[in-house]
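Report on the following structure.
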Amino acid sequence: MSVFATEAPALKTPLLQINDLTKHFALNGGFLGRAAGVVRAVDGVSFDVAGGETLGIVGESGCGKSTTARLLVDLIRPDSGQVVIDGRLVGVDMSVREMRRHMQMVFQDSYASLNPRMTMEDAIAFGPMVNGESKARALGLAHELLAKVGLEPVRFAGRYPHELSGGQRQRVNIARALAFSPKIVILDEAVSALDKSVEAQVLNLLADLKSELNLTYIFISHDLNVVRHISDRVMVMYLGQVVEIGPVNSLYAQPAHPYTRALLGAMPSMDPDRRTMEAPLAGDPPNPINPPTGCRFHTRCKFAAEVCSQSQPIQHILADARHYAACHAYTPGSGHPGLGMSS
Amino acid sequence: MTATTLDAIATVQKSPGYWNNVLRRFRRDPVAMFALFVVLALILMAVFAPLVAPADPYRASMLRRLRPIGTEGFPLGTDELGRDMLTRLIYGGRLSLLMGVTPVIIAFFVGSFIGITAGYLGGRVNTVLMRTIDVFFAFPSVLLAIALSGALGAGVFNGLLSLTIVFVPPIARIAESVTTAVRKIEYVEAARASGASAFTIVRVHVLGNVIGPIFVYATGLISVSLILASGLSFLGLGVKPPEPEWGLMLNTLRNAIYVQPWVAALPGLMIFITSISFNLLSDSLRSAMDVKS
C-alpha cells in the first residue's frame, strides 16, 4: 500500500520512543491570575517510531496532533514524559540542542514559516550558521539543498517568500529542515494547505528524499487518504490521547476502535454508489478542559457501555501484534459487551 | 562544496529587499519628498544658524520694539525687546528641534528595548515590565511632562529627560504588541527549533519585522514632542529666557498679540510647519511600508 514500505521496520530497535508525553495548558483568566482550568491538550501519549518508517498521525482538529509535534521538538515544554532517540533520553543523555539536529519540523503555513525579510538562501543557511557553520559553507549547503528539493539555486536563492508559490515555499521549508541532516522529520500538516496537484508533487519529493537520505517521517494530517498513501503505520488521536495505532493496512482494513471506524467512515469515497449518507459522528469533540471520565470517546460512541464512563481503557493488542486499540470492548472481563462484530 | 557551487552563489539573482522597495515607494511619494525637504531645510537652518541668520539673536533695543513684518532691516519684525524675529526664529529651531527630536530618539531605543524584551520573553517578564509601563498611562502625557519637569526644575536637560520619560511607555507598548504578534508566527518557531539563542532570534528574525511599525509610530510622536517641548517652555519649565525657543517666544510675545498679532503668531507658525512636516513624513513612511511585497 505505502509507497514508502520498508522491509520489516518493526524488527529494528525503535529510532524514536515517546513515553507518556503530557502537556496541560493552564487557562488564565481566573481571579488574580489563578488558573481557571487546564486544557489537557496531550495526555499520556506513548508511541515508537522505527528508523526509516513513516508514522501517520490523524485525528480531528484540536485532538493534540500539532501539540504532540511541538512537544517532540521542545517548542513547547512537556509537563512530563520522555523522548528517547536511538536509546538516548533527551535532556539526560542528549541535549535539547542535539535532539533538534536529529529531529526537525515542517509547518503547515508555508508563508508564515518563512521570515518575509529573508532571502531563501539566508533562511536555509540560518540553522547551520547558528550551529557553528561558516557563512560561506552554510550558503553552499543552502544551494545544494535548494537543488535537492527541485528549486534551481541561481533563480531561487535570492528570492523572498512572497515571490514564491505555496509549493515552492514548502520545498524551501523542507530544505531548511534538511539543513541539519536530521534523522527524523516531523511534517505537521505540511501539504494540507497546498492544492491537490502541488500536494502530489511535494509528496513525491518527500518520498524521493526519504529514500535518498534515509529519513524517518512523522506525518501529521487530517487527510486520511494522504495518510494512507504515505504511512507505514498510523496513529489515531482523540482528545489528547492515542486511541489506536497500527500498520496502515490493518488499521484501514480492520479499524478496531469505534472512533477510528467513525473517522474512516467519514472519509469521502471515490465511488458515488458508496457515498456515506449519514454523518458517522454527531456533534463536536467534548471540551478538553473537562474531558469525559473513563474513555474520552464514550459520550459520542454508539457502543458505549457502563464501564466506558467509569474507567480508562488501556492499549490492547489485537490480532496483528503491532496493532493496538484503547477500547474496553477488546479487554476480556471489562464488562463491555463488545462491538457486536468480531475483529 | 565544489567550486561550481561557490560560483553559483556569486551569480544568484537577487531580488530587491523589503527596505529597498520601501525606499523606492517613499521616493515616488511627492508629499513625502516635500515633507522631507521641509524637515531637512529646518534642520540645516538650525545647524547653520550663525551663518544664515542676519543678526544677533540677543541684541535688544528698546527703540525698535514690536516692529511689524516687512520693516526695513527686520523682514519679520522685532519682538517685545526689539530683537530681530527672523534671527530668533532661525536660532529658535536649534532648541526646539533638539527638544522635539531627541526625546523621541532616546525613547525609541529605550521603549523598543523594553517592549521587544517583554514581547519576546512573555510570561512573567512581560507582566512585570508592561504593568510598570501601564502606571505611566494613568496620567495624561501633558500633565506627566509638566509634573516631571516641574519636580526636576526648569532647564533644557530636565525638559529632555521628562519628555523622554513621557514617550517611553507608548513606544514600549507598541513594541510589545508587535513583538508578541511576531513571536507566534511559525518562522520564529522554526528558528527556535534550529537551536538559536533568544538573542540571535530577536536580532535576525524579530527585529527586522517589528522595527518598521515602531519607527513609524515614533516619527509620529516627534510632532507631539515638539508641541510638548514648546508647551513646557511656554509654562517656564523648559528653556529659560533669553534663549530663543519657539514655545518660549510664543509665551513672551503673547502680550503683544493685540499690537503685532502677525509677529506674535510667527513662532506658532514654525511649530505648526515643523510638526505637520514630521507628521506627513510619518504618514508617508507608514504607507510606503504598508505593502506585503
ask   = When you scan segment A:310-342, how many residues do you find that are in contact (Cβ under 8 Å) with a residue 24 or more places away in the chain and not small (Gly, Ala, Ser)?
value = 12
request  = For residues that are closer than 22 Å to A:Arg117 by Cα, aliphatic (A, V, I, L, M) and touching a residue at least 24 places away in the same chain (Cβ under 8 Å), tally how many sit in segment A:150-189.
outcome  = 9
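Which of the residues belonging to segment B:150-169 are of a type outside the set (Phe, Trp, Tyr) and under 17 Å from B:Ile106 (Cα atoms)? If you could, list the steps in order and put the result at the bottom.
First pass over segment B:150-169, keeping only residues of a type outside the set (Phe, Trp, Tyr): B:150-156, B:158-166, B:168-169.
Residues satisfying the conditions are B:Val156, B:Asn158, B:Gly159, B:Leu160, B:Leu161, B:Ser162, B:Leu163, B:Thr164, B:Ile165, B:Val166, B:Val168, B:Pro169.
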Residues of segment B:74-122 satisfying the condition of being open to solvent by 40 Å² or more (accessible area, probe 1.4 Å), out of contact with any helix residue (DSSP H, G or I) (no Cβ under 6 Å at 6 or more places or on another chain) and more than 24 Å from B:Arg173 (Cα to Cα) = B:Leu81, B:Leu86, B:Leu98
request  = With the checklist (1) in a helix (DSSP H, G or I); (2) modelled with pLDDT under 90; (3) within 10 Å of another protein chain (Cβ to nearest Cβ) in hand, flag the one item B:Val206 doesn't pass.
outcome  = (2)
query = With respect to the numbered conditions (1) within 14 Å of chain A (Cβ to nearest Cβ); (2) within 22 Å of the chain's Cα centre (by Cα); (3) surrounded by 16 or more Cβ atoms within 10 Å (Cβ to Cβ), which one is the sole condition not fulfilled by B:Val188?
reply = (2)
ask   = Has segment A:156-172 got at least one residue that is part of a loop (DSSP other than H, G, I, E, B) and in contact with a Gly (Cβ under 9 Å, 6 or more places away or on another chain)?
value = yes
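Can you go through A:Ser192, A:Ser181 and tell me which one is under 30 Å from A:Val58 (Cα atoms), away from chain B (no Cβ under 11 Å) and open to solvent by 50 Å² or more (accessible area, probe 1.4 Å)?
Answer to the check: A:Ser181.
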Segment A:112-150 - residue that is modelled with pLDDT under 90 and open to solvent by 60 Å² or more (accessible area, probe 1.4 Å) and, of those, nearest to the other protein chains (Cβ to nearest Cβ) = A:Arg117
task = For segment B:243-290, name all the residues that are open to solvent by 50 Å² or more (accessible area, probe 1.4 Å), under 14 Å from B:Val216 (Cα atoms) and not hydroxyl-bearing (Ser, Thr, Tyr).
result = B:Asn279, B:Leu280, B:Asp283, B:Arg286, B:Asp290
request  = Being open to solvent by 70 Å² or more (accessible area, probe 1.4 Å) and among the β-branched types (Val, Ile, Thr) is the filter here, so list the residues in segment B:123-157 that pass it.
outcome  = B:Val128, B:Thr132, B:Val135, B:Val142
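I'd like the residue in segment A:92-105 that is in contact (Cβ under 8 Å) with a residue 40 or more places away in the chain and more than 8 Å from chain B (Cβ to nearest Cβ) and, out of all such residues, is nearest to the chain's Cα centre (by Cα).
The extreme case among them is A:Met103.
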remark   = The one condition A:Ile218 fails out of (1) assigned to a loop (DSSP other than H, G, I, E, B); (2) under 17 Å from A:Gln104 (Cα atoms) is (1)
ask   = When you look at A:Gln108, is it polar (S, T, N, Q), within 11 Å of another protein chain (Cβ to nearest Cβ), surrounded by fewer than 24 Cβ atoms within 10 Å (Cβ to Cβ) and not in a helix (DSSP H, G or I), yes or no?
value = yes
task = Looking only at segment A:306-333, count how many residues are open to solvent by 30 Å² or more (accessible area, probe 1.4 Å) and farther than 16 Å from A:Glu244 by Cβ.
result = 6
remark   = Within segment A:53-64, the count of residues that are within 20 Å of A:His102 (Cα to Cα) and open to solvent by 10 Å² or more (accessible area, probe 1.4 Å) comes to 0
query = Among the residues of segment B:13-35, how many are open to solvent by 80 Å² or more (accessible area, probe 1.4 Å), out of contact with any helix residue (DSSP H, G or I) (no Cβ under 9 Å at 6 or more places or on another chain) and over 21 Å from B:Ile273 (Cβ atoms)?
reply = 2
task = State which residue pairs qualify: first residue under 19 Å from A:Leu146 (Cα atoms) and inside segment A:190-204, second residue assigned to a loop (DSSP other than H, G, I, E, B) in any location, beta carbons under 7 Å apart, and separation of 6 or more residues or different chains.
result = A:Ala190/A:Gln108; A:Glu199/A:Val191; A:Val202/A:Val191; A:Val202/A:Leu194; A:Leu203/A:Val191
message = I'd like to verify a number: residues in segment B:195-207 that are touching a residue at least 60 places away in the same chain (Cβ under 8 Å) and either within 22 Å of B:Ile106 (Cβ to Cβ) or in contact with a strand residue (DSSP E or B) (Cβ under 9 Å, 6 or more places away or on another chain) (or both), how many?
response = 3
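Conditions (1) out of contact with any strand residue (DSSP E or B) (no Cβ under 6 Å at 6 or more places or on another chain); (2) open to solvent by 40 Å² or more (accessible area, probe 1.4 Å), marked per residue:
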{"residue": "B:Leu160", "(1), (2)": "yes, no"}
{"residue": "B:Val166", "(1), (2)": "yes, no"}
{"residue": "B:Ala172", "(1), (2)": "yes, no"}
{"residue": "B:Thr180", "(1), (2)": "yes, no"}
{"residue": "B:Arg183", "(1), (2)": "yes, yes"}
{"residue": "B:Ala193", "(1), (2)": "no, no"}
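The values are calculated or read from the model by the stated rules, or taken from the named source; none is laboratory data. Note that the coordinates shown come from a computational prediction; the quantities given were computed from them, not determined experimentally. Ideal geometry is used to build each Cβ from the backbone, glycine not excepted, and the neighbour counts take in all protein chains shown. Note: areas computed on protein heavy atoms with side chains; ligands, DNA, RNA excluded. Shrake-Rupley method; radii C 1.70, N 1.55, O 1.52, S 1.80 Å.
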